[in-house]
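Taking it in order: structure first as structure tokens, then the write-up.
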Amino acid sequence: MKAAPPFEAVKGLVEGLVKGGRSAEANNVVDKMNFLVKGDAKLAWEKIVGELSLEEGAPSSNP
């Protein structure tokens, strides 16, 4: 069984990838997390995804 990494760490990774112009990789990370996260954690993960800007040049949720 594979465990999902801490959500805040993944959020930082995704934001860094987008900021670095690597939106495709950021989307891959989000897709893999969507696959790994199950149960009650799914709601928490969806909240984190809602806070993310997955487009290059989009403002981050943490200025």
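How much net charge surrounds Lys47 when only other residues with a Cβ under 14 Å from its Cβ are counted (Lys, Arg +1; Asp, Glu -1)?
Spelling it out: positives minus negatives among the neighbours equals -2.
Starting from the Cα of Asn28, step 7 Å along the direction of its Cβ; do the same at Glu51; then give the gap between the two resulting points in nm.
Taking the simple label geometry, Asn28 and Glu51 are separated by 2.5 nm.
Calculate the dipole size of segment 7-51 relative to its Cα centre from +1 charges on Lys and Arg beta carbons and -1 charges on Asp and Glu beta carbons; express the result in debye to the nearest 20.
Taking the Cα centre of segment 7-51 as origin, the dipole is about 60 debye.
Enumerate the whole-percent occupancy of each 10 Å bin, from 0 to the last occupied one, for all C-alpha pair distances of segment 7-51.
Bin by bin from 0 Å, the calculated values are 29, 58, 13, 1.
Taken together, the values in this text are just the output of simple stated rules run on the coordinates, not laboratory data. This structure is a prediction, so every number in the text was calculated from the model and none was measured. All Cβ positions, even for glycine, are placed from backbone atoms using ideal geometry, and neighbour counts span all protein chains on display.
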